[in-house]
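The values are calculated or read from the model by the stated rules, or taken from the named source; none is laboratory data. On a predicted model such as this, the values are computed, not experimentally measured, just so you know. FYI the Cβ positions are ideal-geometry reconstructions off the backbone, even for glycines, and counts take in every protein chain you see. Note: areas computed on protein heavy atoms with side chains; ligands, DNA, RNA excluded. Shrake-Rupley method; radii C 1.70, N 1.55, O 1.52, S 1.80 Å.
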Amino acid sequence: MMEWEIVIGLETHAQLRTNSKIFSGSSTAFGAAPNTQANAVDIALPGVLPVLNRAAVECAIRLGLAVGGKIAARSIFARKNYFYPDLPKGYQISQYETPVIAGGSLAIVVGQAGQSYEKTVALTRAHLEEDAGKSLHEDFHGKSGIDLNRAGTPLLEIVTEPDMRSAAEAVAYAKALHALVRWIGICDGNMQEGSFRCDANVSVRPRGSEVLGTRREIKNLNSFRFMQQAIDYEVQWQIATLEDGGRIEQATVLFDPATGETRAMRSKEDAQDYRYFPDPDLLPLEISPDWIARVKADLPELPAEMKARFESEYRLSAYDAAALTAGREICVYFADCVAAAGRENAKLCANWLMGELAARLNKEGREISAAPIPPLQLAALVRRIADATISNKIGKEVFDALWSGEDKDVDAVISDRGLKQISDGGALEALIDGVLAANPKSVEEFRAGKEKAFNALVGQLMKATRGKANPQQVNELLRRKLSDRDVLRPPD
Amino acid sequence: MPLNLDQIERLARLARIEISAADGGETRDRLNDVFALIEQLQAADTRGIEPMAHAFELAQRLREDAVTESDRREAYQAVAPEVEAGLYLVPRVME
């Protein structure tokens, strides 16, 4: 059987966070009554002229700087011609031959902790364009309804090279880009409202082949889960088609979440010819080095920079560092936590943040900004674990108390509930002797080579101390006692 | 590169222009006259010359990002053929 290689390129439309539209002074606020935010320019009354929004250009510059792309000193707007009722001009103003951003790249981390790898996805370009309106196909006496509020909303279309080799890589890229556009404040990233949507160009080819297979473009993926499902289905469909002796026709396809399948939208005969040409209404866009420098000075430390810092300064794995820089909120939380807990405890902070805290937030559907445990409290907890006042396991009990809000102070929880770890060697030894005396059968089994019996004894000891015994010390002392032939030698 | 009738038909469909079979030939011939002119232009040597998107050596002016428009839906929809629930109604379109 032939081995296939999957090739994926992504095009992402990020809706830019401006107050007004890209070419008019209408509001871009989401959710207004239909057509109340569509002015003469947006509905394309004759004689109107577009005037470019400075803030939209600035968003493009921010992205260009963040991905290390080349920001064009001069770029051109073009008309992309097609007919659809939600595009009243009969063309979309976009950029074609000279986009505002060329090149750049985005580093991604793919896979689960422990078996993840890093990869760099090259970007082809990013260009500014306007969004279209919305068509509503509910039945209006056999007609369609058109809402032009979205028409003219500024978009940045960000296009990658065909660099991704699996659905997992595509999703990792989309997540990294999603985090980045929010981080630099150019897009709110709200996928349900359509602020961030992806098209995936998918093809397959025999492994080792240099030639790209024919691609099909999956349109409008508005969740990471759908992206994964859609690409998985599409790849399997393409491979099955080719292995059955069929061929792939270039097509635009839609993903149906209900069936989990992709289906072709337009046949090849209807393939669009957009007849691009420079928009005579818009002169070239010039971006001066001064402007770029001002935007650069205003840019926050970027996730890639912070990730590198977390790896080198805090000795975190690439996976951990990527997870902790996946969003600005979690990153700020982590940085505050480490600042209070001490750099030497960074890994422990990361574990608690990505383990217990993330799991709890996830379970309750909360954002990290709404976490009931602030970073300083988590730092205090981490410090008490690090200095062996409590064990990691008891830490969870303290965490629960902090989470429920019963208590705010870590040390108070520990002393009020008597959770302090027993690390006194003498006291532990006495306890161990008791446990050994009470469990001669386990002792015998251990000596017969059953490692399980050891764990049973540890369990007994933990039970006797309600989990408060210092686990490391228990392990050491118990092993020493058990290797001592005279201890509890069963009577001959 | 003269156009043939199939191409004329396709262009007409893309532009949503109705060209009858009777007019097809004449349209083709007239467009081909234009193409001949373009071919003449394309014969000029333009190596090393940056393509020009506009006739003026000017850059575009930018606007500040401010909402300057208010809701004038009623006035705009007064001249629309059909509206309902604030929407413009058009012949049904489905992908």
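What's the FRET efficiency of residue B:9 with residue A:117 using the Cβ-Cβ distance as r and R₀ = 56 Å, to the nearest 0.05?
Using R0 = 56 Å, I get an efficiency of 0.60.
Could you rank B:8, A:330 by how accessible they are, 1.4 Å probe, largest area first?
The ranking, largest first, comes out as A:330, B:8.
Picking from A:372, A:295, A:38, whose Cα lies most toward the positive end of the charge dipole for chain A (charges on Cβ: Lys, Arg +1; Asp, Glu -1)?
A:372
Over the stretch A:398-492, give the accessible area per residue in Å² for a 1.4 Å probe, as an integer.
59 Å²
Please give the net charge around residue A:308, taking every other residue with its beta carbon less than 14 angstrom from that of residue A:308, where Lys and Arg add +1 and Asp and Glu add -1.
Net charge in that neighbourhood comes out at -3.
Check cross-link reach from residue A:70 to the lysines: straight Cα distance under 18 Å, and skip same-chain residues fewer than eight apart.
A:296
Using the C-alpha gyration tensor of chain A, what are the square roots of 5 times its eigenvalues, in whole angstrom, with the largest one first?
Square roots of five times the eigenvalues give 57, 28, 21 Å.
Just counting partner chain Cβ atoms within 10 Å, what average do the residues of peptide A:277-290 show around their Cβ?
Across A:277-290, the average partner-chain Cβ count within 10 Å equals 3.
Would you mind checking the tilt of helix A:375-386 against the longest principal axis of the Cα atoms of chain A, expressed as 0 to 90 degrees and rounded to 10?
30 degrees
Taking the alpha-carbon centroid of each part, what is the distance from the stretch A:32-63 to the stretch A:181-244 in angstrom?
Going from one Cα centre to the other spans 29 Å.
Quantify how much of the Cα-Cα distance distribution of the stretch A:46-103 extends past 13 Å, in percent.
68 percent
In straight Cα distance, which lysines are under 25 Å from residue A:463, not counting same-chain residues fewer than 8 positions off?
The reachable lysines, counting only those whose Cα sits under 25 Å from residue A:463, are A:393, A:396, A:420, A:441, A:450, A:452, A:481.
Do any chymotrypsin sites (Phe, Trp or Tyr not before Pro) in the stretch A:79-169 lie in a loop, going by DSSP, with at most 13 other beta-carbon atoms within 10 Å of their beta carbon, and if so which?
For chymotrypsin sites (Phe, Trp or Tyr not before Pro) across the stretch A:79-169 that sit outside H, G, I, E and B with at most 13 neighbouring Cβ atoms in 10 Å, the list reads A:83.
With n ≥ 4 as the cut-off for DSSP H runs, can you work out [θ] at 222 nm for the protein assembly as shown, using -39500 (n - 2.57) per run divided by the number of residues, rounded to the nearest 500?
-12000 deg cm²/dmol
Determine the total buried accessible area between chain A and chain B, counting protein heavy atoms only with a 1.4 Å probe; round to the nearest 100 Å².
Its buried surface, counting both partners, is about 4300 Å².
To the nearest 10 square angstrom, what accessible area does residue B:39 show with a 1.4 Å probe?
Accessible area of residue B:39: about 90 Å².
Rounded to the nearest 20 Debye, what is the dipole magnitude of the stretch A:1-145 about its Cα centre when Lys and Arg each give +1 and Asp and Glu each give -1 at the C-beta?
Its charge dipole is roughly 560 debye.
Roughly how many percent of the accessible protein surface of the protein assembly as shown is carbon and sulfur, given a 1.4 Å probe and a whole-percent answer?
That fraction is 51 percent.
Under a straight-distance cross-link criterion of Cα-Cα below 19 Å, which lysines are reachable from residue A:89, leaving out those fewer than 8 residues away in the same chain?
A:21, A:80, A:134
Out of the stretch A:215-314, which trypsin sites (Lys or Arg not before Pro) are coil in DSSP terms and have no more than 14 other C-beta atoms within 10 Å?
A:247, A:266, A:275
Residue-wise, which Karplus ³J(HN,Hα) couplings in Hz belong to the stretch A:21-29, taking 6.51 cos²θ - 1.76 cosθ + 1.60, θ = phi - 60°, and x for glycine or proline?
6, 5, 10, 8, x, 6, 6, 9, 4
Do any trypsin sites (Lys or Arg not before Pro) in the stretch A:1-105 lie in a loop, going by DSSP, with at most 14 other beta-carbon atoms within 10 Å of their beta carbon, and if so which?
In loop regions of the stretch A:1-105 (DSSP not H, G, I, E or B), there are no sparsely surrounded trypsin sites (Lys or Arg not before Pro).
Longest span of chain A, sites excluded, free of GluC sites (Glu not before Pro) in DSSP loop with at most 14 other C-beta atoms within 10 Å?
Here the longest run is A:98-192.
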